Amino acid sequence: MPAAPSRMLASDNLAGAHPLVLDAITRANAGHVLAYGNDDFTRRAEAAFNELFDRDVRTLFVYGGTGANVLALASMLQQAECVICTNWSHIHVDETGAPERVLGAKLLDLPCADGKLTPGQVQAAAGARGNPHHAQPGVVSLTQPTELGTLYSPAEVRAICDTAHELGLLVHMDAARIGNATAALGGNRVALRAFTVDAGVDVLSFGGTKAGIVFGEAVVWFDPRRAQRAEYLRKNVTQLHSKMRYISAQYEALLENDLFIDLGRSANAAARALYDATRHHASLGLTSPPAVNSLFPTLRDPAKSRLQEWSFFWDWDAAAHQVRWMTAWDVTASDVAAFAAGVDAVLVDAPKF
Ligand SMILES: Cc1ncc(COP(=O)(O)O)c(C=O)c1O
């Protein structure tokens, strides 16, 4: 086997933090400041979010992505309501039941082929309201980009938001990879607003951990009136960090000069390069370029295990023999070339399917 790439393609969660973020943490480390967000770093980071969305939004910082989703949903749900989401959604599959446990609310996970909900599904689910034996749909939760590496266009988000709002539902967006989505959909702040606030999203989980920060996520309410109880809910769902300045300072760095979009662009470009370098293997089934930073090739043993032992990546859908290759912001052209060389070496003598 050739030399393995210096960075694994298992997840964007595996990358280190960006140097500008680490510099910001070092700067935030000076002196004593008030805790729980009563500090200038937090005021500046909040102002940066207002600027990013070109309006006064309410932004609260939390520890992690699951916590961001739980806080967002806690502020949106009424008692006996449920959340409409897909059967692939992170809140349904990968949060160890945290939303159900903490919120005491049901998740109504709807089937989808591509990670996306449709307005028709929202309409049908909400149309079944009124039965006192069923949890009542109150919130629609979209993931952008989706868990399957697809994207909602701004028009698709708008269509879902319009349908939801007509039916009296609110819309949450889990945007753990918001830099990747923004880079793919236009690469600037106008593009970001087009698929979030301008499309009608009510509350946004704005990811940072996969985009070059050490830890911390942000929740953004586009109508601050909806966030009136959010500050209390944050502590109530265990997401209030006392030394808040360390999260806020990271977000200041991430938003400055749109660093998060640049890092999303780099990760997306690496995934595209990986696609170009491996798609000639028909058995991988890579028939269209990635929309963002993940590829879902088909690989069978022994080739799959040989490659995973050489440079680890996760299985995705075992029944479909699908694995996931995911690029982070720091994956370089030489990482991609090295990984592709390993794929070539393994597939050269693999059986053809
Ligand atoms: C779509 C999505 N939402 C949220 C998260 C945040 O999860 P965590 O709580 O592990 O930070 C992730 C992380 O993988 C994710 O992929």
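Taking every DSSP bridge with both residues inside the range 83-218, close to 5 percent are antiparallel.
Go through LYS106/LYS243; LYS210/LYS243; LYS210/LYS304; LYS116/LYS210 and tell me which ones have a Cα-Cα distance over 29 Å in this structure.
LYS106/LYS243
With N the number of residues in the range 1-150, Rg(Cα) / (2.2 N^0.38 Å) evaluates to 1.34. Under the simplified labelling scheme, the LEU22-ASP114 pair shows an inter-label distance of 4.0 nm, with each label point 7 Å from Cα along Cα→Cβ. Relative to the longest principal axis of the Cα atoms of the chain, helix 40-53 runs at roughly 80 degrees.
Taking other C-beta atoms within 10 Å as the exposure proxy, PHE215, PHE53 rank PHE215, PHE53 from fewest upward. A dipole drawn for the range 1-80 from +1 and -1 charges on Cβ atoms has a positive end, and of ALA45, ALA3, ALA17 the residue lying farthest that way is ALA3.
Stretched out straight at 0.36 nm per residue, the stretch from HIS280 to ALA320 would grow longer than its current Cα-Cα span by 12.4 nm.
Place a +1 charge on the Cβ of each Lys and Arg in the range 283-335 and a -1 charge on the Cβ of each Asp and Glu, then give the dipole magnitude about the Cα centre in debye, rounded to the nearest 20. Write down the numbers at each step before the final one.
Details: 4 positive and 6 negative charges, 31 e Å.
Here the range 283-335 has a charge dipole of around 160 debye.
Evaluated at q = 0.28 Å⁻¹, a Debye calculation over the C-alpha positions of the range 130-178 (equal weights, vacuum) places log10 I(q)/I(0) at -1.05. Here's how it looks for GLY64: its modeled amide H is under 5 Å from those of GLU217, which are all 5 or more places away or on a different chain.
Could you compute the FRET efficiency for ALA80 and SER288, with r as their C-beta to C-beta distance and R0 at 56 Å, rounded to 0.05? Efficiency computed from Cβ-Cβ geometry: 0.85.
Of the residues VAL220, VAL343, THR196, the one whose Cα sits farthest towards the positive end of the charge dipole of the chain is VAL220 (charges of +1 on Lys and Arg Cβ, -1 on Asp and Glu Cβ, taken about the Cα centre). Under a GNM of the chain (C-alpha, springs under 10 Å), which listed residue has the highest mean-square fluctuation: TRP316, TRP221, TRP88? Highest fluctuation among the options: TRP316.
Convex hull volume of the Cα atoms in the range 227-273, per residue, in Å³? List each step's numbers first, then the result.
Values: hull volume 5.7 nm³, N = 47.
Dividing the Cα hull volume of the range 227-273 by its residues yields 120 Å³.
For the range 254-338, taking Cα atoms only, Rg and Dmax work out to 13.8, 46 Å respectively. Give me log10 I(q)/I(0) at q = 0.09, 0.11, 0.12, 0.14 Å⁻¹ for the chain, Debye formula, one equal scatterer per alpha-carbon, no solvent. Scattering profile of the chain, log10 relative to I(0): -0.51, -0.75, -0.88, -1.14.
Sequence gap at least 6, Cα distance under 8 Å: using those rules, report the relative contact order of the chain to the nearest whole percent. Answer for the chain is 26 percent. Hey, what angle do you get for helix 19-28 against the long axis of the chain, alpha-carbon based, 0 to 90 degrees rounded to 10? Tilt relative to the chain: about 30 degrees. Modelled this way, with points 7 Å down the Cα-to-C-beta line, the labels at ARG226 and SER242 are 3.3 nm from one another.
Residues of the range 105-141 with backbone nitrogen within less than 15 Å of a virtual label 7 Å along the Cα-to-Cβ line of VAL93, please, listed as ranges. 109-117, by backbone N distance to the label point.
To the nearest 10 degrees, how steeply does helix 245-255 sit against the main Cα axis of the chain, on a 0 to 90 scale? Between helix and principal axis, roughly 60 degrees.
Kindly give the semi-axes, whole Å and largest first, of the ellipsoid equivalent to the range 82-166, taking each as the square root of 5 times a Cα gyration tensor eigenvalue. Mind dumping the intermediate values first?
On the way: eigenvalues 78, 62, 19 Å².
Taking √(5λ) for each eigenvalue gives 20, 18, 10 Å, largest first.
Around PHE313, under 10 Å between beta carbons, what's the net of Lys plus Arg minus Asp minus Glu among the other residues?
Spelling it out: positives minus negatives among the neighbours equals +1.
The DSSP beta bridges internal to the chain are antiparallel in roughly 45% of cases.
For the range 140-221, a Kirkwood radius taken over Cα pairs fed into Stokes-Einstein (37 °C, viscosity 0.692 mPa s) yields D = 259 µm²/s. Placing +1 on the Cβ of every Lys and Arg and -1 on the Cβ of every Asp and Glu, with nothing else charged, gives the chain a dipole about its Cα centre of roughly 300 debye. Residue by residue, the range 227-241 carries 3J(HN,Hα) couplings of 9, 4, 9, 5, 4, 6, 5, 4, 5, 4, 9, 6, 10, 8, 8 Hz when phi is fed to the Karplus relation 6.51 cos²θ - 1.76 cosθ + 1.60 (θ = phi - 60°); x denotes Gly or Pro.
If Rh is defined by the Kirkwood formula over all Cα pairs and Rg also comes from Cα, what ratio Rg/Rh do you get for the range 160-304?
Values: Rg = 18.5 Å, Rh = 17.5 Å.
Dividing the radius of gyration by the Kirkwood radius yields 1.06.
Entry for the range 1-89 at q = 0.10, 0.11, 0.15, 0.24 Å⁻¹: log10 I(q)/I(0) = -0.49, -0.58, -0.94, -1.32, Debye formula applied to identical alpha-carbon scatterers, no solvent contribution.
R0 = 51 Å: FRET efficiency of ASN131 with ALA3, Cβ-based, nearest 0.05? Efficiency computed from Cβ-Cβ geometry: 0.25.
Here the residues LYS116, LYS243, LYS304, ranked from fewest to most Cβ neighbours within 10 Å of their Cβ, fall in the order LYS243, LYS304, LYS116.
As a test of the formula, what do you get for the chain when each DSSP H run with n ≥ 4 contributes -39,500 (n - 2.57) and the sum is divided by the residue count, at 222 nm and rounded to the nearest 500 deg cm²/dmol?
Working: 14 runs with 142 residues, N = 353.
That comes out to -12000 deg cm²/dmol.
Classification of the range 194-260 by its C-alpha gyration tensor yields an oblate form. The axis ratio a/c (a ≥ b ≥ c) is 1.5 or more, and b/c is at least a/b. Residues whose amide H lies under 5 Å from that of GLN136, counting only those 5 or more places away or on a different chain, are GLU81, CYS82; hydrogens are built 1.01 Å from N in the peptide plane.
Since every read-out is calculated from the coordinates, none of them should be taken as a lab result. Here the structure is a predicted model, which means the values were calculated and not measured. Cβ: placed from backbone, ideal geometry, glycine included. Neighbour counts: every protein chain shown.
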